[in-house]
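**Q** Dropping a structure here in structure tokens format, bear with me for questions.
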Amino acid sequence: MNQEIIWFDRYLVLSEIGRGSGSKVYLVRHQKLGVYRAVKRIFKDSDAVRKVWEATILSRLKHPRIPKIYDVEEDENAYYLIEEYIEGESLEALMLQSSFITPDFIAQIIQEVADVLDYLHHAPNGPFIYQDLKAEHILIGKDGVKLIDFGIAASLNESGNKFQNYGTPKFCPPEKISEAVVSVQTDIYSLGKLLEELIFAEGTDKSQSLMRIARKAANPDVMERYPSIQEFLADFVGHTQSEKNPDYQKHLLTKIVIAGSQPRIGTTHLAISFTVFFNCRNQKAVYQEKNPSDNMRMSIRQGGFSKEGGLYRKRNFLAMPAYGEGVAVSPPKESVQILDYGTDLLGAASEKADLMLLLFGCKEWEAEYAKTAYETVKHTSRLVLIANHGSQKQAKQYAKQFTQTVYSFPLDENPFQMTKEKEGLFERLLEKHWNCRKYPRQWGDAFIRGIGKLCSKRAL
């Protein structure tokens, strides 16, 4: 946009981030509050009243995986739905990047989507039928799944089958097309079709055992489908968590310890960078200072951090300083703990962590420190060795000496900034040493990421 546009004296229009039949979606910034919003601009036509129905639906729904609606505005040309702005990638976009589609990823996404649908089917003033479930209406952000675009959702108690002639044909059950019937089985059918798409996108035999569940959910005969989302979930979760299906077990890291062979070789720098890496991948991670340096508290005093309870945040970095005894602060549930032990090798080895990273100096005269440190912790399970400052030569020498792979941490100025070099290192490290879910990157500029393709061809 070449000129500054401000809507309703409040919202500065930053960019267009989506469009569909009769509507466009914009990223805006509230001028006084300084917060970002998504504005769906619906042009007035014969179908405008139906399209604005989305605002009525969203105002009645309170669920963490459903966007909030803040206001509805109107001018002579259009209605404006002021909604929560969500940073993330659409599932449709991630499915084009096959590395993200793993059995564990499928298990998480389907369970989170099913949880939203179950809420809709049992919400007050419901049941609400979503009617338009597909990959492009599912956003994957830092807090997991968000279901967007409620433009054709229906409340069966109020509107009956008012919206039965809309939807995406591929995901619509036969009875909706031929008999104009809408029920909770409408969403169950679409969920089965979504699961089929994810299985095909995964592309190996690992997910094929889920096809039985997908086909039952998407059975053309409504009487043969799961009667409720809850029964679908019981079958799905029971299958994916079965010991007979190890591909679907959640092997998520919960605790990583990092220590260095000597002071001032970048142990804290590595720990901060690893914490940022996880948070950029939509897996919450918390840095914890387990050494007496008090470096984190000094960094916080210098500014640039915001407080979140007992934690401190700087962009994608979340930290817990060394509070000492008598102060009880717990890291968030389901977060990865990154414990910085400095040079306390015995303390680090005693943590019984999922991974232990041991950092070596890269100069020749530091090799003796490296040898001593390695001998101290060499029997620690899941030990990962890293040479600092991008020294490939020294890493190879260490690898030969210790008969173990030694990674090279790149020369790096800013631990709070994720780079391709650091990202590549951490990806290789995790792929080899731990079978964990690959968390989607947040691609591109924050201003143009978000709610993706909110609208599409709908008429059957």
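The values are calculated or read from the model by the stated rules, or taken from the named source; none is laboratory data. All values derive from a computational prediction rather than experimental measurement. Counting neighbours? That spans all protein chains shown, and the Cβs are built from the backbone with ideal geometry, glycine included. In case anyone asks, the SASA skips ligands and DNA or RNA and just uses the protein heavy atoms, side chains included. Shrake-Rupley method; radii C 1.70, N 1.55, O 1.52, S 1.80 Å.
**Q** Nearest 20 debye, what's the magnitude of the dipole of region 115-239 about its Cα centre given +1 on Lys and Arg Cβ and -1 on Asp and Glu Cβ?
**A** Value, rounded to 20: 140 debye.
**Q** Which ³J(HN,Hα) values, rounded to whole Hz and listed in residue order, are derived for region 412-419 from phi using the Karplus coefficients 6.51, -1.76 and 1.60 in 6.51 cos²θ - 1.76 cosθ + 1.60 with θ = phi - 60°, glycine and proline given as x?
**A** For region 412-419, the Karplus-derived couplings read 8, 9, 10, x, 7, 9, 7, 10 Hz, x marking Gly and Pro.
**Q** Give, in nm to one decimal, the length gained when the segment between Arg428 and Arg297 is fully stretched (0.36 nm per residue of separation minus the Cα-Cα distance).
**A** Working it through step by step, the gained length comes to 44.0 nm.
**Q** Excluding residues fewer than 8 places away in the same chain, name every one of the aspartates and glutamates whose C-alpha is closer than 14 Å to that of Lys40.
**A** Excluding near neighbours in sequence, the set is Glu16, Glu54, Asp71, Glu73, Glu74, Asp75, Glu83, Glu84, Asp149.
**Q** Taking a ≥ b ≥ c as the square roots of the Cα gyration tensor eigenvalues, with a/c under 1.5 meaning rounded and otherwise prolate when a/b beats b/c, else oblate, which class fits region 52-198?
**A** oblate
**Q** Now, a different point. Long-range amide H contacts for Ser90: which residues qualify at under 5 Å (H placed 1.01 Å from N, peptide plane, sequence gap of 5 or more or a different chain)?
**A** HN-HN under 5 Å from Ser90: Ile140.
**Q** When the accessible area of region 182-222 is computed with all protein chains present and a 1.4 Å probe, what percentage of it is carbon and sulfur? Please report the intermediate quantities before stating the final value.
**A** Working: 750 of 1550 Å².
Whole-percent figure for carbon plus sulfur exposure: 48.
**Q** Gain in length, Glu76 to Lys352, computed as 0.36 nm per residue apart minus the alpha-carbon separation, to one decimal in nm?
**A** 92.9 nm
**Q** Oh, and also: Equivalent ellipsoid semi-axes for region 26-95, as square roots of 5 times the alpha carbon gyration tensor eigenvalues: give them largest first, rounded to whole Å.
**A** Equivalent ellipsoid semi-axes, largest first: 21, 17, 14 Å.
**Q** If I stretch the segment between Phe43 and Thr376 completely, what's the gain in nm (0.36 nm per residue apart, minus their alpha carbon distance), one decimal?
**A** Gain on extension, Phe43 to Thr376, equals 112.9 nm.
**Q** Hey, what do the phi angles of region 268-273 turn into as Karplus ³J(HN,Hα) couplings, whole Hz, using 6.51/-1.76/1.60 and θ = phi - 60°, x for Gly and Pro?
**A** Couplings: 5, 4, 5, 5, 5, 4 Hz.
**Q** Still on this structure, please answer the following. Near the amide H of Ser408, under 5 Å away, which other amide H atoms are found, from residues 5 or more places off or on another chain, if H is placed in the peptide plane?
**A** Distant-sequence amide H within range of Ser408: Ala387.
**Q** Shape call for region 259-321 from the C-alpha gyration tensor, a ≥ b ≥ c root eigenvalues: rounded (a/c under 1.5), prolate (a/b greater than b/c) or oblate?
**A** Oblate.
**Q** Let me ask something else. Which of Lys134/Lys422; Lys44/Lys68; Lys146/Lys176; Lys255/Lys307; Lys146/Lys422; Lys146/Lys170 have a Cα-Cα distance over 27 Å?
**A** Too far apart for the 27 Å limit: Lys134/Lys422; Lys146/Lys422.
**Q** Another question about this same structure. Residue by residue through region 25-36, what is 3J(HN,Hα) from phi via Karplus (6.51 cos²θ - 1.76 cosθ + 1.60, θ = phi - 60°)? Round to whole Hz and write x for glycine and proline.
**A** After applying 6.51 cos²θ - 1.76 cosθ + 1.60, I find 10, 10, 8, 10, 10, 5, 4, 8, 7, x, 9, 9 Hz.
**Q** A follow-up question, please. How far is it, in nm, from the label point at Arg264 to the one at Glu334 when both lie 7 Å from their Cα along the line to the Cβ?
**A** 4.3 nm
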